[in-house]
Amino acid sequence: MNNPFREDLVSKNKPDPCSVVIFGATGDLAHRKLVPALYNLTVDGELPSGVKIVGFARRDKSDDTFKDGLEKLNKEVSRSGHDEYVWDRFSQNIVYHRSNFDDIEGYRSLAKRLDEIDAERGGKGNRLFYLSIAPEYFDDVLEKLNEVGLNEAAEGCWARVIVEKPFGKDHASAEHLNEVVNNTFHEKDTYRIDHYLGKETAQNIMVLRFANSIFEPIWNSGHIDHVEISCAEHFGMEGGRGGYYDSAGALRDMVQNHLLQLLSLVAMEPPTDLSPDGVRDEKVKVIRSLRKLDTPEKVRKNVVRAQYTKGFVNGNEVPGYREEDRVNPESETETFVAVKTYVDTWRWSGVPFYIRVGKRLPKKATEISIHFKATPSVLFNQQGSDKAEENVLVIRIQPDEGISLRINSKLPGAAIRMESVKMNFQYSTSFGKSSPEAYERLLLDSMAGDATLFARRDEVEEAWKFVDFIQEAWKGQHDIPLAEYEAGSWGPNEADDLIEAEGQDWRRF
């Protein structure tokens, strides 16, 4: 039987030449992620010839000063290093367009400029608009694109939009934003980006599950005890991030999008095919099946929120959250969240899913750990040997992308003594090269019209419904405490209590 996950059997669309218009092009995301990603694709020979990059922003810059700033950052962050010859050729296709986001004349002149580029390229009028801007500007940009007709493509061409997170701040605002986007671009041309889904290991979850017969038969409540999804960050509010973060918090910044997306990949049923909607249909079923924490009492029992105080990270003293730059000294914003939930389907009945995210933890890492049920202990107890530890499958999203499986093995010697050992796979060592950056894959897919790794409208709204119950409970007068944890620790004691109540422990990685 053919394996539908084999690379040579999967139909791939070839990316089209296009103009990539980056709104907010003078910002950090464009400089550190988007342009380096396009440069790396050029180095690897993946970027279609004829791609033109148009930076759209409010600052007064010339083409040359804009490109000089991009080159400086590319030298620092590019995955493939910086080659002067390649950069010179690459940068010839970069131009800068100055305009305010609410200035209709700026969009009219943009339309004229894109027409000129299309004429140079022989009439290839494909356009990709990337909204690398604060959410409060989404409406302005989308409405102006609509007003000057840039949302409509010429015959035989396409016009698409990529929208960065945060996609709304609750269900109502996400619904409104979806209306604004879909009034401008068709849903099939709307790409809501979540860079976690572009990471190689996240993409590998489906292959690991559905292309290996040793896993899928035991991927259920009969064999799995619990699942942990953890995202630890050692940094705090560096780079002026405090202003944004204080209005968002860990729940909205990470749980609603990144971590619920990873959970849906772990818990989804096999899709009927690998088409974008085939995959996303199954993911949204998982989000809809999450057990709702729809009362303050359920939130109090199943969710822990906390904020870091001053401490030491990697030997350096760091301030508490309320002492950080651009943070309200009396802020109640959470920098740590732990959630216990269930996916109420036959496959996952009774299996707790634990989600944990926090800033100022001891290290930076994101991983999924599948904890299998322990074997009956009677056999080895009779020999007076050590108790067998549970098997754990760990999927490392970042850094050191890879997969490891913990198994029990006999120690050499006459006595039957056991010790857990790891079977370890790393992308960098197994394939001889580092994985492409997430934005590289996602930009390439959007040019090719492949929306598999992008969130669909109903996915976003269902995730907000789940999170809104928690937000509302925290806002109300329900005496739900904001715990504290010292920077450099693994979080508050309350998070340990949450998982230990079920006889389990957080994985320390």
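The values are calculated or read from the model by the stated rules, or taken from the named source; none is laboratory data. Owing to the predicted nature of the structure, the values given are computational and were not obtained by experimental measurement. Positions of Cβ are generated from backbone atoms using ideal geometry, with glycine treated the same way; all protein chains shown enter the neighbour counts.
Counting only helices (runs of 4 or more DSSP H) that sit wholly inside region 45-139, those with at least 1 residues that are touching a helix residue (DSSP H, G or I) at 6+ places or on another chain (Cβ under 7 Å) and under 25 Å from Gly149 (Cα atoms) are 104-120. A single member of Val304, Val266 is closer than 20 Å to Trp464 by Cα and either in a strand (DSSP E or B) or assigned by TED's automatic domain parsing to the domain that holds His171 (or both), and it is Val304.
If you check Met423 against the conditions, is it of a type in the set (A, V, I, L, M) and loosely packed, with under 15 Cβ neighbours inside 10 Å? So Met423 passes the test. Looking only at residues in region 478-505 that are aliphatic (A, V, I, L, M) and within 17 Å of Val299 (Cα to Cα), which one is surrounded by the fewest Cβ atoms within 10 Å (Cβ to Cβ)? Out of the qualifying residues, it is Ala501.
A single member of Ser428, Ser404, Ser409 is over 30 Å from Ala37 (Cβ atoms), hydroxyl-bearing (Ser, Thr, Tyr) and outside the structural domain of Glu216 (by TED's automatic domain parsing), and it is Ser409. Can you confirm whether region 461-482 contains a residue that is β-branched (Val, Ile, Thr) and either in the same structural domain as Arg160 (by TED's automatic domain parsing) or farther than 22 Å from Ile355 by Cα (or both)? No: zero hits. Within region 344-390, restricting attention to residues that are modelled with pLDDT of 95 or more and of a type in the set (Lys, Arg), the residue that is surrounded by the most Cβ atoms within 10 Å (Cβ to Cβ) is Arg360. Take Asp281 and decide whether it is part of a helix (DSSP H, G or I), at pLDDT below 95 and of a type outside the set (Phe, Trp, Tyr). Yes; evaluated as a whole, the condition is true for this residue.
May I ask you to say which residue of Asp8, Asp60 is at pLDDT 90 or above and among the acidic types (Asp, Glu)?
Asp60
Quick one: would you say Ala451 is among the aliphatic types (A, V, I, L, M), in a loop (DSSP other than H, G, I, E, B) and within 18 Å of the chain's Cα centre (by Cα)? Walk me through it before giving the result.
Details: among the aliphatic types (A, V, I, L, M): yes; in a loop (DSSP other than H, G, I, E, B): yes; within 18 Å of the chain's Cα centre (by Cα): yes.
So Ala451 passes the test.
Among the residues of region 321-345, the ones that are touching a residue at least 12 places away in the same chain (Cβ under 8 Å) and outside any strand (DSSP E or B) come to 15 in all. For Glu179, the criteria (1) touching a residue at least 12 places away in the same chain (Cβ under 8 Å); (2) closer than 30 Å to Phe56 by Cα; (3) not in a loop (DSSP other than H, G, I, E, B) hold in every case but one, which is (1).
Looking only at region 315-331, decide whether some residue is under 30 Å from Glu187 (Cβ atoms) and surrounded by fewer than 18 Cβ atoms within 10 Å (Cβ to Cβ). No, region 315-331 contains no residue that is under 30 Å from Glu187 (Cβ atoms) and surrounded by fewer than 18 Cβ atoms within 10 Å (Cβ to Cβ).
Would you check if there is a residue in region 268-290 being of a type outside the set (A, V, I, L, M, F, W, C), exposed (fewer than 14 other Cβ atoms within 10 Å of the Cβ) and touching a Ser or Thr at 6+ places or on another chain (Cβ under 6 Å)? Checked against the condition, which is being of a type outside the set (A, V, I, L, M, F, W, C), exposed (fewer than 14 other Cβ atoms within 10 Å of the Cβ) and touching a Ser or Thr at 6+ places or on another chain (Cβ under 6 Å), region 268-290 yields at least one hit.
Does Val284 satisfy the condition of being within 24 Å of Asp445 (Cα to Cα) and in contact with a helix residue (DSSP H, G or I) (Cβ under 9 Å, 6 or more places away or on another chain)? When the stated conditions are applied, Val284 passes them. Look at region 73-95: where a residue is more than 23 Å from Ala438 (Cβ to Cβ) and a partner is surrounded by fewer than 17 Cβ atoms within 10 Å (Cβ to Cβ), sitting 6+ places away or on another chain with Cβ atoms under 7 Å, you get Val95/Asp63.
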